[in-house]
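Single-structure report; data block below.
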Amino acid sequence: MIPSFSPPSLVQPDTLGTVLQRQGYAVLDARSVSALSGCSAQDLAALAPLWADLPPDAFLKDGGRYRRRRHASFVVRDAQVTLVPHRAHWQPVEYNALHGGMERLFEPLLPQMLAQPVWPQLLLWLGAVCSSLKGVQPWFVEAHQFRIDTTDGIGRPTPEGAHRDGVTMVAVFMVDRVGVKGGETRVFDADGPNGQRFTLSEPWSVLLLDDARVIHESTPIQPLLPSTPDGHRDTLVVTLRATDFQGNKSIT
């Protein structure tokens with residue numbers, strides 16, 4: 001079978017900081033994620049079944065039924081990860097023209113997810129990447145489990161289109177792709193024409209984005225075969241922001 005995607009240009013673990021500084025984004029394969037984060041491939045893979053229990057996203061303005069998700073917020077500070085009281089996800093319209101200005105209270109990440117030792121380890125690594133780029137400081141972290149499915153024929157990973165998130169760094173982990181085509185990732189300079197197009201496919205590979213410097217989107221997905229209309233694309237999106245969560249009074 002001919003692949004329906006183009007592979008990304010991968011960076012070596014020891015060049016991650018240099019590449020992020022130079023171009024504002026970088027893609028790591030799963031082996032590099034494990035090497036840099038200290039999270040074993042087995043422990044990361046053990047999280048994947050938790051994507052099977054995501055409730056529908058009730059806030060889609062396009063009326064779609066293709067997205068399921070959970071959400072939680074944390075503070076990474078002084079080598080510790082603290083879960084904050086469950087809160088709504090909020091973005092200004094400047095960053096999300098479709099869903100900005102809405103307080104969207106999604107169901108929280110399950111306790112089974114948070115109890116895994118690999119979970120805080122992954123967030124601590126992302127905080128360290130941010131601190132290496134922007135200076136050591138507390139990071140206000142939002143984690144989103146997404147499942148985009150094709151049961152209605154098409155699923156849209158980014159219905160808001162090409163965008164920035166209004167944060168410091170975005171990490172998009174591919175968790176699984178089953179029976180779908182499409183879902184191409186597109187990353188472009190926020191202030192110029194340069195960019196890259198590729199499709200993440202390897203479980204626990206990751207796209208890291210310096211949110212101030214690049215815009216990003218993912219194209220719609222469709223069933224790979226008409227006979228299998230129930231395909232899906234699972235991702236973990238983690239955003240890290242300096243100062244505070246968007247829309248919050250400071251809790252530092």
With residue 48 itself left out, Lys, Arg at +1 and Asp, Glu at -1 over residues whose Cβ is under 13 Å from its Cβ give -2
Residue 31 and residue 243 label points (each 7 Å along its Cα→Cβ direction) are spaced in nm at 4.1
So, relative contact order of the range 106-243 in percent, Cα under 8 Å, 6 or more apart, is 37
Once normalised by the length of the range 13-241, the mean sequence separation of its alpha carbon contacts under 8 Å that are 6 or more apart gives a contact order in percent of 26
Treating only Lys and Arg (+1) and Asp and Glu (-1) as charged, each at its beta carbon, one finds that the chain has a dipole about its Cα centre, in Debye to the nearest 20, of 120
The extension gain from residue 88 to residue 128, computed as 0.36 nm times the residue separation minus the Cα-Cα distance, is 11.9 nm
If the chain between residue 115 and residue 41 were fully extended at 0.36 nm per residue, the gain over the current Cα-Cα distance would be 24.9 nm
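Where a number appears in this text, it was derived from the coordinates with a stated rule and is not lab data. None of the values given here were measured: they were computed from a predicted structure. We place every Cβ from the backbone using ideal geometry, glycine too, and count neighbours over all the protein chains shown.
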